[in-house]
Amino acid sequence: MLIVEDIVDTGQTLSWLLDTFRARHPRSLRTVSLLDKRSRRTAEVGIEHVGFTIEDRFVVGYGLDYAEQFRHLPYVAVLDQTPQHPGERHTDSLRR
């Protein structure tokens, strides 16, 4: 069995999946993730194949969304939600 994740953040979901499938005694159980945010990990999980390890940033695109937006992007981008200038309201902007 192969578990394919788009992103592993805290590891809680993947940990639950691994425990659930291990209880069913599969012949083999492997994991793969496009993105890995190791700095946010609260559950130790082994990921055999990782596309990219990323910093603790909110990313969108390539199927990942924010409020139902940006998932259509053909690339992964950082969603920057910080004010551009002091006193300015925050605006969402993307950085590749």
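The values are calculated or read from the model by the stated rules, or taken from the named source; none is laboratory data. Note that the structure is a prediction, hence the values are computed from the model and not measured. When we count neighbours, we look across all protein chains shown, and the Cβ atoms used for this are built from the backbone with ideal geometry, even at glycine.
Scan region 11-45 for residues that are of a type in the set (Phe, Trp, Tyr) and within 26 Å of TYR62 (Cα to Cα) and report the count.
1
State the number of residues belonging to region 11-62 that are among the aliphatic types (A, V, I, L, M) and loosely packed, with under 11 Cβ neighbours inside 10 Å.
1
Which of the residues spanning region 63-73 are part of a loop (DSSP other than H, G, I, E, B), surrounded by fewer than 16 Cβ atoms within 10 Å (Cβ to Cβ) and of a type outside the set (A, V, I, L, M)?
GLY63, ASP65, GLU68, ARG71, HIS72
May I ask you to verify whether VAL60 is in contact with a His (Cβ under 7 Å, 6 or more places away or on another chain) and either farther than 17 Å from GLU5 by Cα or in a strand (DSSP E or B) (or both)?
So VAL60 fails the test.
List every residue pair whose Cβ atoms sit under 7 Å apart, with the two residues 6 or more apart in sequence or on different chains, where the first one lies in region 40-62 and is farther than 15 Å from LEU18 by Cβ and the second, anywhere, is of a type in the set (Asp, Glu) and loosely packed, with under 11 Cβ neighbours inside 10 Å.
These pairs meet every condition: ARG40/ASP56.
If only one of ASP19, ASP36, ASP9 is outside the structural domain of ASP80 (by TED's automatic domain parsing), among the acidic types (Asp, Glu) and over 11 Å from the mean Cα position of the chain (by Cα), which one is it?
ASP19
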